[in-house]
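Participant: Pasting in a structure now, in structure tokens, and then I'll have a few things to ask.
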Amino acid sequence: MAEILAENLSGKDVMGTDGAELGSLYNITMDLDTGRLEHLVIDPIEALGETRFERDETGRLLVPVDRVQAVKDHMIIDR
């Protein structure tokens, strides 16, 4: 995957590989000891309903970064 600056990802729409809209990127978490990226933190759309992804205390989705398939106009993640 080509290099992309984090500042260019904030607010980017996130979709599943099945074409379902999930929401928009709020933040990215990382392990401070290793520097490894851990989760995309996504503000879900209201109509999303239940998913297999964990949620944080505010209701945002926590999607493991290894689920990212592509980053173009949208971020595409493997559901």
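Participant: Less than 13 Å from a label point 7 Å out along the Cα-to-Cβ axis of Arg79: which backbone N atoms in the stretch 52-73 qualify, by residue?
Facilitator: Counting backbone N atoms under 13 Å from the label point, the list is 52-53.
Participant: With no solvent and one point on each alpha carbon, what is the Debye value of log10 I(q)/I(0) for the chain at q = 0.12, 0.16, 0.19, 0.28 Å⁻¹?
Facilitator: The computed values of log10 I(q)/I(0) come out as -0.30, -0.55, -0.78, -1.66.
A short reminder: the numbers here are calculations on the coordinates, not readings from a lab. Please read these numbers as outputs of a predicted model, since none were measured by experiment. Every residue, glycine among them, receives a Cβ derived from its backbone with ideal geometry; neighbour counts consider all protein chains shown.
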